[in-house]
Amino acid sequence: MRKGLLSAVLLAFSFVYFAAATLPASAETLHWQFESKHPNIVDVELYSDTRRGHVWPGNKKIYVLDDFSTKTINISCQRGEKVCYGAWVRNRNNLYWGVGYKNRNRCSNCCYTCNGGQTKVIVLNP
């Protein structure tokens with residue numbers, strides 16, 4: 001009887017493990033906050049460091065910072081996903097913050113984990 005109980009527990013555990021492994025990743029929202037102090041227009045994109053090629057807002061669009069106010073950008077991402085920002089002065093791709101234009105650079109502190117939270121206010125100084 002003990003062997004039968006052990007088999008049932010193992011079977012139940014295997015089913016729960018298999019079911020959890022096949023569920024899609026849960027979606028979260030990450031709230032990004034930016035404030036540009038640059039006198040020119042600054043463009044921003046967000047890049048997944050986990051899912052190669054995934055970009056927000058995507059579809060050849062960009063987020064625009066065109067005044068000195070704090071802007072909030074809300075994205076839907078996968079829980080635990082690492083997301084990095086790239087910002088650059090419009091028409092001057094060599095003047096950038098974070099990973100820059102088209103995710104071409106590396107950074108030491110421009111990425112956040114998607115966990116349903118928000119970033120600190122990221123101030124982009126000239």
Matching residues, segment 102-126, being out of contact with any Asp or Glu (no Cβ under 8 Å at 6 or more places or on another chain) and not charged (D, E, K, R): ASN105, CYS107, SER108, ASN109, CYS110, TYR112, GLY117, GLN118, THR119, ASN125, PRO126
Options VAL55, VAL121, VAL99, VAL83: the member that is under 14 Å from GLU35 (Cβ atoms) and either exposed (fewer than 13 other Cβ atoms within 10 Å of the Cβ) or under 17 Å from the mean Cα position of the chain (by Cα) (or both): VAL121
Selection count where residues are over 19 Å from LYS120 (Cα atoms) and part of a strand (DSSP E or B), scope segment 32-57: 1
Within segment 102-118, considering residues that are over 11 Å from the mean Cα position of the chain (by Cα) and outside any loop (DSSP other than H, G, I, E, B), the one surrounded by the fewest Cβ atoms within 10 Å (Cβ to Cβ): LYS102
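Just checking, which of LYS61, LYS120, LYS82, LYS37 is charged (D, E, K, R), under 26 Å from SER26 (Cα atoms) and touching a residue at least 60 places away in the same chain (Cβ under 8 Å)?
Only one candidate passes the filter, namely LYS120.
For segment 86-96, give me each residue that is surrounded by fewer than 15 Cβ atoms within 10 Å (Cβ to Cβ) and not in a strand (DSSP E or B).
Answer for segment 86-96, where residues must be surrounded by fewer than 15 Cβ atoms within 10 Å (Cβ to Cβ) and not in a strand (DSSP E or B): just ASN91.
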Residue within segment 85-105 that is hydroxyl-bearing (Ser, Thr, Tyr) and touching a Ser or Thr at 6+ places or on another chain (Cβ under 8 Å) present: no
Residue list for segment 58-80, filter: buried (at least 16 other Cβ atoms within 10 Å of the Cβ), assigned to a strand (DSSP E or B) and out of contact with any Cys (no Cβ under 9 Å at 6 or more places or on another chain): TYR63, LEU65, LYS71, ILE73
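Readers should treat all values here as calculations from the given coordinates under stated rules, not as data from a laboratory. None of the values given here were measured: they were computed from a predicted structure. Glycine gets a Cβ as well: all are built from the backbone with ideal geometry, and neighbour counts include every protein chain shown.
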